[in-house]
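Below: the structure, in structure tokens.
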Amino acid sequence: MSLVFKVAHKEIREIIRDGRLRLLGLIVVILSLAALAFGAHQTHRAQEAREHSKERATQQWEAQGEKNPHVAAHYGTHVFAPTNVATAIDPGVSAYLGRSIKLEAHKRNLATHSAAQDGADLERLGSFSVATVLLQLVPLLIIALGYGLWSRERETGTLRQLLSTGVDRTTLFWGKSIALGLTLAALLVPASFVVFAVLWAMGGGNAGTLLRLGFLVFGYSIYFTIFGGLTLAASASASSSRAALVFLVGVWGFFSLVIPKVGTEFAATLQPLPSQAQLAREVSESLAKGISGKMERDTAIEAMVADLMAAEGLADTGMLVQGAQINGLELQAEAQWEDMIYDHHMVNLDNKIQAQENLISWAGFLSPFIAIRSLSSGLCGTDFAHHRSFTDYAEKWRKELVTQLNKDFATNADGEGWDYKANPELWKKIPPFQYKEPSAWFALKTHALSALALLVWLSLSLFFAKRSAIKVKTV
């Protein structure tokens, strides 16, 4: 082991002597911290906007005054997706999916007010983040640090001299690997502490966020190790340092630029999504004729009203049933019909989007960049799965809200009918919207395929790095 560390010490000293590499490393660190500052500012601003909007929506709901409960259901309210401090690291796709939903009777709305819609031109770019720097630029730094670890010694003849002294290739392999890893860690570990400190100051010191960040660090470490292994393998196998560099930059471009684009287009072709206009048209047709297109709305609602009356024990009461109670049951039946239609189309849409996500996850076996990008957004809570969790909870809460208001109308309207107005205390009795973000284990379960792809790439890269080292030629 002492010989391994001597080799590592010698390699580290040579890397440090190269001023160009020091400058490159400094640039990557500066960009990472700049991206963190940008992301932290955006996240802090989003948190403030969310809290302000949430407070305003609550005040507007509770200050309605006396009003018919069903009219209040039409008036509705807004709910807002939580903002995780980890968004400062990886904004994922959250900027394009919308952060708020209007909840109202007779309609299920899509999320709106995304940062990409509301922000300035710079925000619409959405590409400058800590994750972007780490996942695209750090691999280039690894390539710059390690492409000549084997090839340069072969070109200068020092490799033959080292082997002639009795040092075996495996010892050199571990020494060079440790040197590459320690050099990279010396640049990134201090920056990581700054990231943790900033997120802690932003309120990310809870156990759930720390667990997510811990998994994130582990995933990024695997990703960097993959590029380290590939760099060592290419350096040992290429005919020259220049050939190793050209090959590795090509591999980086293939993994980070080509495969992600091809994978996205391929997924969109296999699982095309409807436009908003097409979706609205399909929903409108189903509301009138049913999902099958063969059921009239009025006929279906009459059958539902009959079922509700039977469930309430009112099937044989005839004229004894008050008009307001009938109106309340009709409103519940209409809500059931509309919920069935919206659930069908929205679940179908979400399933298609998730199918695209799954296809892209399979592309992680062709590119470790895709695998870590999916896992990164999942652990930061900025992927589609977390968005769907929020929208599903919001829809469940909307149904409960409308049901409670319709029941109040059916129970208390009596002879007043549509002239009945509920006491303002009713609005305050509605349970608050309290969405809780899924745990880190939810993210790992959702992106298990991406995690598996990373492990496969890790095994392959280490295998080829070790195999190339053992077979490295001295000339």
*Residue ID - farthest from residue 397 (Cα to Cα), chosen from residues in the stretch 90-102 that are touching a helix residue (DSSP H, G or I) at 6+ places or on another chain (Cβ under 6 Å) and modelled with pLDDT of 85 or more*: 90
*asked:* So, in the stretch 434-475, exactly how many residues are within 19 Å of residue 389 (Cα to Cα) and open to solvent by 90 Å² or more (accessible area, probe 1.4 Å)?
replied: 4
*Test residue 273 against the criterion of being assigned to a loop (DSSP other than H, G, I, E, B) and either within 20 Å of residue 360 (Cα to Cα) or open to solvent by less than 20 Å² (accessible area, probe 1.4 Å) (or both), and give yes or no.*
yes
*Taking residue 218 and the conditions (1) modelled with pLDDT of 90 or more; (2) open to solvent by 40 Å² or more (accessible area, probe 1.4 Å); (3) over 26 Å from residue 444 (Cα atoms), which numbered condition does it fall short on, given that it satisfies the others?*
(3)
*Test residue 78 against the criterion of being within 30 Å of residue 434 (Cα to Cα), open to solvent by 20 Å² or more (accessible area, probe 1.4 Å), of a type outside the set (A, V, I, L, M) and in contact with a helix residue (DSSP H, G or I) (Cβ under 7 Å, 6 or more places away or on another chain), and give yes or no.*
yes
*Within the stretch 429-452, can you find the residues that are touching a residue at least 60 places away in the same chain (Cβ under 8 Å) and in a helix (DSSP H, G or I)?*
440, 443, 444, 446, 449, 450, 451
*Is there a residue in the stretch 163-171 that is over 30 Å from residue 460 (Cβ atoms), open to solvent by 50 Å² or more (accessible area, probe 1.4 Å) and either touching a residue at least 12 places away in the same chain (Cβ under 8 Å) or not hydroxyl-bearing (Ser, Thr, Tyr) (or both)?*
yes
*Evaluate the following for residue 43: is it touching an Asp or Glu at 6+ places or on another chain (Cβ under 9 Å) and crowded, with 18+ Cβ neighbours inside 10 Å?*
no
_Scope the stretch 52-71; condition open to solvent by less than 20 Å² (accessible area, probe 1.4 Å) and over 34 Å from the mean Cα position of the chain (by Cα); matching residues_ = 68, 69, 70
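The values are calculated or read from the model by the stated rules, or taken from the named source; none is laboratory data. Quick caveat: nothing in here was measured; it's all calculated off a predicted structure. Counting neighbours? That spans all protein chains shown, and the Cβs are built from the backbone with ideal geometry, glycine included. When the accessible area is computed, the model is the full protein with side chains, heavy atoms only, and any ligands, DNA or RNA have been set aside. Shrake-Rupley method; radii C 1.70, N 1.55, O 1.52, S 1.80 Å.
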